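Have a look at the structure below, then the notes.
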Amino acid sequence: MSVVDLSRLQFALTALYHFLFVPLTLGLSVMLASMETVYVITGKPIYKEMVLFWGKLFGINFALGVATGLTMEFEFGTNWSMYSHFVGDVFGTPLAIEGLMAFFMESTFVGLMFFGWDRLSRPAHLAVTYLVALGSNLSALWILIANGFMQDPVGAKFDPVTMRMQFTSIYDLIFSPDAQSKFVHTSIAGFVCAAMLVMGVSAYYLLGRRHREFAARSFRMAALFGVISSLAVITLGDALGRADYLLQSTKIAAIEGLWHTSKPPYEPWKIVALPNDRTQKDLFSIGIPYVLTPLITHTLTQPIPGILELEQKAKPRVAKGIAAVLALKDYATTGDEAALAAFRKNEKDMGYGLLAQRYAPGQDLAKITPAELPGIVERTARATTPNVFVEFWAFRVMMALGFAFLAVFAFGAYYSLRNRLERHPMVMRLAMWAIPLPVLASEFGWIVAENGRQPWTVFGWLPTFQSVSTHSVGYMIFSLVGFVLLYSSFIAAELYLMFRVARIGPGGPAPRPAGAGLAGAGLAGAPGLAEKIWQ
Amino acid sequence: MRSFIKFVALAGVLALALFIAVIAGDDGPWYFAWLVGTTMIVLIAAAGAVLMETQVGPGRGDGEY
């Protein structure tokens, strides 16, 4: 494996590890706010107990989410230094705001939320819990604004003097259609993850006829929270798909396994297929006619460009991009205004020229002979398509799971609202076993978003293979193994703590008899360690 | 005086909400959808819990969930 492959693998693994914790934090913080709202309205202590108990799971998740997230920001500098140089001025801004505004806000109020029960009035504590929820979601917002720039680089312009992207409008960056639709889809996907966790653990108690009052209320709230969130995540996923159709044609074509431009309105939506990236054909496919065009374009007439046609369209851009990069090199060496003018002429295709460097002799565009040029243009155009098999199946798994969650939440909400839940253990078992699935669906969603962006780190501007640092393969393998071991231990710790807290349930462990050990005994009649933890 | 301050504070919140709605409505429709949708999700979940309090308890329901 090359340094590029290892850098990609390392970032993908650390992002996927981190993203095991993030969705739950986003959703649980909002669920806690919802539960505490009921506590403040009704004054019933059971809702405070719910906030305390589910807050413990939130706390565990939050801590591990922070631990796994911090390293990723440094990874941009260590493993992606060319990328950081190229877009640092733009990409770094939302990351800095995330740290200084959202993360600091969230972390400050998390402390108040956990330790402020006896020090704040009920409405003040409720406001704090809402601020934690807002902070965690704002944190996601800024990260996804940064990611939105990678998918649709708006609000910035390449400067040939500094050789980097520079801001033109932060407003365009914040309100980019990709950032917007990605934020809402990701945030609400987190709500689904949290709702399934709360519903599943509550179902576990109800099946064992433990903590029934607590579990029935938690289940009811989670089921309603989940059913609306599932509907929203599907709707907002459609919004993201439409943004991709308008901005990232190659991603949409790969998601749908669309080799040739669609024929509206008949074009079938492929339910299953075996796309072959090498031959650029499906080994087989089964689809539903008349679905794809309205699904993607929201019309019955607009065609969706296919991969083969997109590759043909990319060819002139590659040729222009090569000319742009050569002119830029000339300008950087000589400062010649004519070279700058030549660069400006083909500036918007510069990324395609950078991509062509991969196939040039010695990765030097100046060494391409006229005889070699058509072949290099052909190979570069073909490289503009992401891996179709991965994209096609990651999307379908995510989508199928999304609809399955809607069914589980809908049945759960229906039986809970009729107070007939305990007569339907199958629904509760389904809820219990479905706990990890929304997190899995989120991971597949992330794969769809980031695999679909390939071969670019900044779509259309900077190829992935140009973005990495100049480390050795040995260094990359060593750090990759280190990350895998460390992050796997984090996941083991998370699972151990989450299972432990869930098994014990609300109210903490049963009091141990005096003399049964340090945790149970306490000192001079004071509560023991276990009681203190649970208080 | 207390009521007046409360009125001014709530009027300020309303003005801010309208400002956000106008900005988000024009340029950030999906951010606006998130604000409205999340509020709705929170309130519907809370309403479900409040409804449960009317369905269960002494003299109400059959003790089944």
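The values are calculated or read from the model by the stated rules, or taken from the named source; none is laboratory data. What you see is a predicted model; the values in this text were computed from it and never measured. Backbone-built Cβ (ideal geometry, glycine too); neighbour counts: all protein chains shown.
Looking at the stretch A:294-325 only, could you name the residues that are over 19 Å from A:Val388 (Cα atoms), crowded, with 19+ Cβ neighbours inside 10 Å and in contact with a Leu (Cβ under 8 Å, 6 or more places away or on another chain)?
Once the filter is applied, which keeps residues that are over 19 Å from A:Val388 (Cα atoms), crowded, with 19+ Cβ neighbours inside 10 Å and in contact with a Leu (Cβ under 8 Å, 6 or more places away or on another chain), the stretch A:294-325 yields A:Val318, A:Ala319, A:Gly321, A:Ile322, A:Val325.
Quick one: A:Val161 ticks every box in (1) under 30 Å from B:Ala47 (Cα atoms); (2) surrounded by fewer than 20 Cβ atoms within 10 Å (Cβ to Cβ); (3) more than 8 Å from every other protein chain (Cβ to nearest Cβ); (4) among the aliphatic types (A, V, I, L, M) bar one, so which box is it?
With respect to (1) under 30 Å from B:Ala47 (Cα atoms); (2) surrounded by fewer than 20 Cβ atoms within 10 Å (Cβ to Cβ); (3) more than 8 Å from every other protein chain (Cβ to nearest Cβ); (4) among the aliphatic types (A, V, I, L, M), A:Val161 is out only on (1).
Kindly evaluate B:Ala24 against the criterion of being in a helix (DSSP H, G or I), at pLDDT 90 or above, within 13 Å of another protein chain (Cβ to nearest Cβ) and over 13 Å from the mean Cα position of the chain (by Cα). Please lay out each step first, then the result.
Values: in a helix (DSSP H, G or I): yes; at pLDDT 90 or above: no; within 13 Å of another protein chain (Cβ to nearest Cβ): yes; over 13 Å from the mean Cα position of the chain (by Cα): yes.
Criteria not met by B:Ala24.
Within the stretch A:18-27, which residues are in contact with a Ser or Thr (Cβ under 9 Å, 6 or more places away or on another chain) and more than 11 Å from every other protein chain (Cβ to nearest Cβ)?
In the first step, residues of the stretch A:18-27 are kept if they are in contact with a Ser or Thr (Cβ under 9 Å, 6 or more places away or on another chain); the result is A:18-23, A:25-27.
Scanning the stretch A:18-27 gives A:His18, A:Phe19, A:Leu20, A:Phe21, A:Val22, A:Pro23, A:Thr25.
Out of the stretch A:373-389, which residues are charged (D, E, K, R) and over 31 Å from the mean Cα position of the chain (by Cα)? Can you show your working first?
Our first condition is that a residue be charged (D, E, K, R); within the stretch A:373-389, this holds for A:378-379, A:382.
Once the filter is applied, which keeps residues that are charged (D, E, K, R) and over 31 Å from the mean Cα position of the chain (by Cα), the stretch A:373-389 yields only A:Glu378.
With (1) within 23 Å of A:Glu36 (Cα to Cα); (2) among the hydrophobic types (A, V, I, L, M, F, W, C); (3) more than 14 Å from every other protein chain (Cβ to nearest Cβ) as the list, and A:Val272 as the residue in question, which single condition is left unmet?
Checking A:Val272 against (1) within 23 Å of A:Glu36 (Cα to Cα); (2) among the hydrophobic types (A, V, I, L, M, F, W, C); (3) more than 14 Å from every other protein chain (Cβ to nearest Cβ), the one that fails is (1).
Could you say which residue among B:Ala17, B:Ala9, B:Ala33, B:Ala45 is in contact with a Phe, Trp or Tyr (Cβ under 6 Å, 6 or more places away or on another chain) and either under 26 Å from A:Val227 (Cα atoms) or free of Cβ contacts under 8 Å to residues at least 40 places away in the same chain (or both)?
Values: B:Ala17 fails: in contact with a Phe, Trp or Tyr (Cβ under 6 Å, 6 or more places away or on another chain); B:Ala9 fails: in contact with a Phe, Trp or Tyr (Cβ under 6 Å, 6 or more places away or on another chain); B:Ala33 fails: in contact with a Phe, Trp or Tyr (Cβ under 6 Å, 6 or more places away or on another chain).
So the residue among B:Ala17, B:Ala9, B:Ala33, B:Ala45 that is in contact with a Phe, Trp or Tyr (Cβ under 6 Å, 6 or more places away or on another chain) and either under 26 Å from A:Val227 (Cα atoms) or free of Cβ contacts under 8 Å to residues at least 40 places away in the same chain (or both) is B:Ala45.
Every residue in the stretch A:31-82 that is hydroxyl-bearing (Ser, Thr, Tyr), surrounded by fewer than 22 Cβ atoms within 10 Å (Cβ to Cβ) and more than 10 Å from chain B (Cβ to nearest Cβ), please.
A:Thr71, A:Thr78, A:Ser81
What's the total number of residues in the stretch B:1-26 that are crowded, with 16+ Cβ neighbours inside 10 Å and of a type in the set (Asp, Glu)?
The number of residues fulfilling the criteria is 0.
Answer yes or no: is there a residue in the stretch A:422-430 that is out of contact with any Lys or Arg (no Cβ under 7 Å at 6 or more places or on another chain), among the hydrophobic types (A, V, I, L, M, F, W, C) and more than 14 Å from chain B (Cβ to nearest Cβ). Lay out the reasoning, then the answer.
First, the residues of the stretch A:422-430 that are out of contact with any Lys or Arg (no Cβ under 7 Å at 6 or more places or on another chain): A:422-430.
Next, from what is left, pick out any that are among the hydrophobic types (A, V, I, L, M, F, W, C): A:426-428, A:430.
Next cut, more than 14 Å from chain B (Cβ to nearest Cβ) only: A:426, A:430.
Yes, the stretch A:422-430 has at least one match.
Inspect the stretch A:463-479 for any residue being in contact with a strand residue (DSSP E or B) (Cβ under 7 Å, 6 or more places away or on another chain) and not in a helix (DSSP H, G or I) and give the result as yes or no. Full working, then the answer.
We begin by selecting, within the stretch A:463-479, every residue in contact with a strand residue (DSSP E or B) (Cβ under 7 Å, 6 or more places away or on another chain); these are A:463-464, A:467.
Imposing the further condition that a residue be not in a helix (DSSP H, G or I) reduces the set to A:463, A:467.
Yes, because at least one residue in the stretch A:463-479 is in contact with a strand residue (DSSP E or B) (Cβ under 7 Å, 6 or more places away or on another chain) and not in a helix (DSSP H, G or I).
How about the stretch A:99-134: which of its residues are in contact (Cβ under 8 Å) with a residue 40 or more places away in the chain and aliphatic (A, V, I, L, M)?
Correct list: A:Met101, A:Ala102, A:Val110, A:Met113, A:Leu126, A:Val132, A:Ala133.
Could you tell me whether the stretch A:122-140 includes any residue that is assigned to a loop (DSSP other than H, G, I, E, B) and at pLDDT 90 or above? Reasoning before the result, please.
Our first condition is that a residue be assigned to a loop (DSSP other than H, G, I, E, B); within the stretch A:122-140, this holds for none.
Within the stretch A:122-140 (the criterion being assigned to a loop (DSSP other than H, G, I, E, B) and at pLDDT 90 or above), the answer is no, since none of the residues qualifies.
Give me the residue from the stretch A:214-240 that is surrounded by fewer than 20 Cβ atoms within 10 Å (Cβ to Cβ) and more than 8 Å from chain B (Cβ to nearest Cβ) and, out of that set, farthest from A:His185 (Cα to Cα).
Filtering the stretch A:214-240 for residues surrounded by fewer than 20 Cβ atoms within 10 Å (Cβ to Cβ) gives A:231, A:234-235, A:238-239.
Adding the requirement that they be more than 8 Å from chain B (Cβ to nearest Cβ) leaves A:231, A:234-235, A:238.
Values: A:Leu231: 11, A:Ile234: 8, A:Thr235: 8, A:Asp238: 9 Å.
That would be A:Leu231.
In the stretch A:265-301, what count of residues is obtained for those that are among the charged types (D, E, K, R) and either within 19 Å of A:Phe403 (Cβ to Cβ) or not in a loop (DSSP other than H, G, I, E, B) (or both)? Lay out the reasoning, then the answer.
Applying the first criterion (among the charged types (D, E, K, R)) to the stretch A:265-301 yields A:267, A:270, A:277-278, A:281-282.
Then keep just the ones that are either within 19 Å of A:Phe403 (Cβ to Cβ) or not in a loop (DSSP other than H, G, I, E, B) (or both); that gives A:270, A:281-282.
Within the stretch A:265-301, residues that are among the charged types (D, E, K, R) and either within 19 Å of A:Phe403 (Cβ to Cβ) or not in a loop (DSSP other than H, G, I, E, B) (or both) number 3.
Is it the case, given these coordinates, that B:Gly48 is small (Gly, Ala, Ser), closer than 20 Å to A:Ile41 by Cα and at the interface with another protein chain (Cβ under 7 Å from one of its Cβ atoms)?
On the way: small (Gly, Ala, Ser): yes; closer than 20 Å to A:Ile41 by Cα: yes; at the interface with another protein chain (Cβ under 7 Å from one of its Cβ atoms): yes.
Here the answer is yes, as B:Gly48 does meet what is asked.
What number of residues in the stretch A:83-92 are in contact (Cβ under 8 Å) with a residue 24 or more places away in the chain and surrounded by fewer than 19 Cβ atoms within 10 Å (Cβ to Cβ)? Outline the logic, then answer.
Of all residues in the stretch A:83-92, those in contact (Cβ under 8 Å) with a residue 24 or more places away in the chain come to A:83, A:85-91.
Filter again for surrounded by fewer than 19 Cβ atoms within 10 Å (Cβ to Cβ), leaving A:85, A:88-89.
Count: 3.
Is there a residue being closer than 22 Å to B:Gln55 by Cβ and within 9 Å of chain B (Cβ to nearest Cβ) anywhere in the stretch A:166-186?
At the first step, the residues of the stretch A:166-186 found to be closer than 22 Å to B:Gln55 by Cβ are none.
Taking every residue of the stretch A:166-186 in turn, none turns out to be closer than 22 Å to B:Gln55 by Cβ and within 9 Å of chain B (Cβ to nearest Cβ).
Select, from A:Met399, A:Met350, the only residue that is within 28 Å of A:Pro305 (Cβ to Cβ) and crowded, with 22+ Cβ neighbours inside 10 Å. Walk me through it before giving the result.
Values: A:Met399 fails: crowded, with 22+ Cβ neighbours inside 10 Å.
Of A:Met399, A:Met350, the one residue that is within 28 Å of A:Pro305 (Cβ to Cβ) and crowded, with 22+ Cβ neighbours inside 10 Å is A:Met350.
Which condition number does A:Leu328 fail, the rest of (1) closer than 23 Å to A:Met150 by Cβ; (2) surrounded by fewer than 20 Cβ atoms within 10 Å (Cβ to Cβ) being met?
(2)
How about the stretch A:384-418: which of its residues are basic (Lys, Arg) and closer than 30 Å to B:Val50 by Cα? Reasoning before the result, please.
We begin by selecting, within the stretch A:384-418, every residue basic (Lys, Arg); these are A:396, A:418.
A:Arg418 - this is the single residue of the stretch A:384-418 that is basic (Lys, Arg) and closer than 30 Å to B:Val50 by Cα.
Please specify each residue of the stretch A:449-461 satisfying the condition of being aliphatic (A, V, I, L, M) and farther than 16 Å from A:Val22 by Cβ. Before the answer, list the steps.
Taking the stretch A:449-461 first, the residues aliphatic (A, V, I, L, M) are A:449, A:458.
Listed by number, the list holds a single entry, A:Val458.
Pick out the one residue from A:Ser416, A:Ser469, A:Ser479 that is in contact with a Phe, Trp or Tyr (Cβ under 9 Å, 6 or more places away or on another chain) and surrounded by fewer than 21 Cβ atoms within 10 Å (Cβ to Cβ). It would help to see each step written out before you state the result.
Working: A:Ser416 fails: surrounded by fewer than 21 Cβ atoms within 10 Å (Cβ to Cβ); A:Ser479 fails: in contact with a Phe, Trp or Tyr (Cβ under 9 Å, 6 or more places away or on another chain).
So the residue among A:Ser416, A:Ser469, A:Ser479 that is in contact with a Phe, Trp or Tyr (Cβ under 9 Å, 6 or more places away or on another chain) and surrounded by fewer than 21 Cβ atoms within 10 Å (Cβ to Cβ) is A:Ser469.
Go through (1) touching a residue at least 12 places away in the same chain (Cβ under 8 Å); (2) within 14 Å of another protein chain (Cβ to nearest Cβ) for A:Gly402 and report which single condition fails.
If we test A:Gly402 against (1) touching a residue at least 12 places away in the same chain (Cβ under 8 Å); (2) within 14 Å of another protein chain (Cβ to nearest Cβ), just (2) comes out false.
Hey, among the residues in the stretch A:242-264 that are within 25 Å of the chain's Cα centre (by Cα) and assigned to a loop (DSSP other than H, G, I, E, B), which one's surrounded by the most Cβ atoms within 10 Å (Cβ to Cβ)?
Taking the stretch A:242-264 first, the residues within 25 Å of the chain's Cα centre (by Cα) are A:242-258.
Add one more test, that the residue is assigned to a loop (DSSP other than H, G, I, E, B), and what stays is A:248, A:256-258.
Working: A:Gln248: 22, A:Glu256: 28, A:Gly257: 25, A:Leu258: 25.
Checked the stretch A:242-264; the qualifying residue surrounded by the most Cβ atoms within 10 Å (Cβ to Cβ) is A:Glu256.
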